[in-house]
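S.K.: Structure provided below as structure tokens; questions to follow.
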Amino acid sequence: MKALISVRQLFALPTLAMLLAPAALAQTLTGNVNFTSKLQQIDGFGVAATFGRPTYIQTATGNVPSQIVDMLFNPKTGAGLSMLRMGIDDVVSSNATDVSNAAGIANSGIFIVNTPPNSCSETPTYTWDHSAGGEIWIGQQAVKYGVNRFYADSWGAPGYMKTNNNANSGGVICDGTASTQGTGSHCLANGFSDCRAAYANYLVQYVKDYQGDGVPISDLGWINEPNTNQPAYASMTPTSAQAITFQDVYGPILRGSGLKVNLVCCDVFNWSTANTYDTAIVNDPTADSFVDIYSAHEYGQVANFVQTTATAGNPIKKNWMTEWGPQSPVAWNPYWDSSFAGTSTNFNDGMFIANDISNALNLGHISSYLYWYADSTSTTGAMVEIGGPYVSGQTYQSWPYFTYTVPARFYALAQFSRFVRPGAYEVTMNTNTSACSRITQGVGNCLATTAFVSPDGSKVINVVNNYTSGAQTLNLTLDAGSADWIPTAYITDADTIPNSVANSASPEPLNTAIANTSGVASVSGTTLTATFPIRSMTTIVLTPPVTAGPVQLVVTPSHFAEGDGTVLSTLTVTNNGTGTAQNVQVTSASLGTSVGTTMPTGPLPFMVGTIAPGSSAVVYVNYAAGQTPGATAIEKITGTYTSSSGNGNFGASFRAVVPALP
């Protein structure tokens, strides 16, 4: 593990400068970025918590569970992941997860109907194990860090609702039409001709179960990869016409359920195939009215064009990239920019993922990017390898696991998730670099660039330098409103994540893997000049110049009941003054007799940073269990700041109602 230095200097030493930017090899590129020209809004970046994998983390020994959770969700010292994809019926068998051994944990979950009813019109007996293969546990942990975007996606309906009377091996929902009534179809059985409402109500119940345990499902999908027939686990294979028929019943039931969820469709395998599939739904006004977000996977075809999400003249709906992840044996490459044992290319290294996300944002105009497994074992290509490091031919450590490895690709995802927060907008950015037409290969002499304006008012530029010839200098023309803003640069490359660390049981801390680096970027007027190391990813955060004037900090809270009895208070601190508030920190928080901690157990004070006039920052405070839901309690907040006028204090007191679970 490298030394914990807070700031890396790119040109501090002449020898290092020569290595990074030889004069004979460096070239100057130009471009422009307009932070007032907004494109798609960003909903977040995240991973899948599916097929029982979160239980690997939950049951690990010692401090491993808390370390991994903090690394995943802490926006200050971790990746700040802002979304989780939860799997409904993502199971190999209907047996509940057996946490007595590793084999029982993997690839297991639950169905909430264990005994089929006599017909699809009969309300079944629902059961709930309050775990769902560890999804509830990891969801509860994420909430403590302020994560509020949980996408529940169903792999398929219980077998009794389908043509093949089997949860696995494809089949479709019995829908009362001739397409599901063929010879041998289970839909011919008395009482099972039309199970669309039964499946819709089944999904409503699932969402209520999650919410009852403090995991606020915000988005719901009823199908996963309808163009793949999977005999090994739950699956369904409806045509787009059958999907339309299902939406006609499903949509009104979900809209009328009282659940505040976005309806997502359809997680099709392959970006091009998804566009064909989804376009049919888009062109059906009724079915389309019950879709809020269109989604697709990158297998076989990456997100290099914008999906059709609306007919001409209608508002464009968001589209998400909801799954991509390589499979064994080439999946496990822990390095930033090198091939690994068993791989012939740099497939799935850090540069690969940095480029793929940039590609999907720029060309696919996605609003979210969800990688596959958050964690798994061996060579599955997860973002965290439980029990690592992987060594070919070595006997794997037995469960429960006590080590973990963090590959370099995780830090590429973190470059986006940490700095591009939910609610940000991508903006237009252009350079004269060679076209990155194959950037998902992680090779080629080009810069992959993206830019964003954040909810807190800051502006973000991400640059992936694919050049193999050396460091590259970029002169960017900024819009007038960004003149003389202050740049701070963060670099990830093979120097910040050495190969010896990337495949070790001592992961590189986020704050050194994504290194705050001086000497990278400068701004003069509307010209930003930055130099990017060879084969690297750099994030430049622009903040407005400090202005003199009075500071007025106002705190606005909102409260959420967490599944373990604790209470999350989301504090929005807004600067209504005309001067910049610097070194803002929340020094204390209390709700009744409970003293607040932050993210999720760190004691206050919590350093917020700088809040420009008219901008705001969000702080998450957790209060211990013991408050009575529905009771009134006084919440008190205190804090300090500095400004051009000297030191200052702020505070607030609220009469709050202790929230209850649904």
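S.K.: Answer with one residue from 141, 543, 572: the one whose Cα lies farthest towards the positive end of the charge dipole of the chain, charges on Cβ with Lys, Arg +1 and Asp, Glu -1.
M.R.: 543
S.K.: If R0 is 41 Å, what FRET efficiency do you get for residue 260 and residue 397 from their C-beta distance, rounded to 0.05?
M.R.: 0.45
S.K.: Taking R0 as 30 Å, what FRET efficiency do you get between residue 434 and residue 38 from their Cβ-Cβ distance, rounded to the nearest 0.05?
M.R.: Working: r = 27 Å, r/R0 = 0.89.
So the FRET efficiency works out to roughly 0.65.
S.K.: Here is a follow-up. Once you place label points 7 Å from the Cα toward the Cβ at residue 522 and residue 292, how far apart are they in nm?
M.R.: Output for this residue pair reads 4.8 nm.
S.K.: For every other residue with a beta carbon closer than 15 angstrom to the beta carbon of residue 45, add +1 if it is Lys or Arg and -1 if Asp or Glu, then tell me the sum.
M.R.: Numbers: positive: 85, 149, 318, 409, 418, 421; negative: 43, 219, 298, 323, 356, 426.
Every neighbour counted, the sum reads 0.
S.K.: Follow-up question, since we're still on this one. For a footprinting-style exposure proxy, rank 72, 478 by other Cβ within 10 Å, fewest first.
M.R.: Going from least to most buried by this count: 478, 72.
S.K.: 7 Å from Cα along Cα→Cβ at both residue 189 and residue 229: what's the point-to-point distance in nm?
M.R.: Here the answer is 2.0 nm between the modelled labels.
S.K.: A further question follows. I'd like the FRET efficiency for residue 61 and residue 363, computed as 1/(1 + (r/R0)^6) with the beta carbon distance as r and R0 of 51 Å, rounded to 0.05.
M.R.: It comes to 0.70.
S.K.: With a 10 Å radius around each residue's Cβ, average the other Cβ atoms per peptide and rank 280-286, 125-131, 239-245, highest first.
M.R.: On the way: 280-286: 16.1, 125-131: 13.9, 239-245: 19.3.
Result, highest mean Cβ count within 10 Å first: 239-245, 280-286, 125-131.
S.K.: Can I ask one more? Using Cα pairs closer than 8 Å and at least 6 residues apart in sequence, work out the relative contact order for region 563-614, in percent.
M.R.: 45 percent
S.K.: Then there's this: Add -39500 (n - 2.57) for each DSSP H run of 4 or more in the chain, then divide by its residues: what number comes out at 222 nm, to the nearest 500 deg cm²/dmol?
M.R.: After summing the helix terms and dividing by residue count, I get -5000 deg cm²/dmol.
S.K.: Could you count how many Lys pairs in the chain have their Cα atoms under 21 Å apart, skipping same-chain pairs fewer than 8 positions apart?
M.R.: 12
S.K.: For the peptides 252-262, 457-467, what is the packing order when you average, over each peptide's residues, the other Cβ atoms within 10 Å and list the highest mean first? Could the numbers behind the result be given before it?
M.R.: Details: 252-262: 15.3, 457-467: 24.5.
Descending mean neighbour count gives 457-467, 252-262.
S.K.: Send over the semi-axes of region 553-657's equivalent ellipsoid, whole angstrom and largest first, taken as the square roots of 5 times the C-alpha gyration tensor eigenvalues. Before the final figure, lay out the partial values.
M.R.: On the way: eigenvalues 136, 32, 25 Å².
Result for region 553-657: semi-axes of 26, 13, 11 Å.
S.K.: While we're on this one: With N residues in the chain, what two-decimal value do you get for its Cα radius of gyration over 2.2 N^0.38 Å?
M.R.: Numbers: Rg = 25.2 Å, N = 662, 2.2 N^0.38 = 26.0 Å.
Cα Rg divided by the expected 2.2 N^0.38 Å: 0.97.
S.K.: Where the only charges are on Cβ atoms (+1 Lys, Arg; -1 Asp, Glu), what is the dipole of the chain about its Cα centre, to the nearest 20 debye?
M.R.: Its charge dipole is roughly 1200 debye.
S.K.: Which residues in region 610-649 place their backbone N less than 17 Å from a point set 7 Å from the Cα of residue 583 along the Cα-to-Cβ direction?
M.R.: From region 610-649, the list is 610-612, 639-649.
No value in this document is a laboratory result; all are computed from the given coordinates. This one's a predicted model, so the numbers in the text were calculated from it and none came from an experiment. We place every Cβ from the backbone using ideal geometry, glycine too, and count neighbours over all the protein chains shown.
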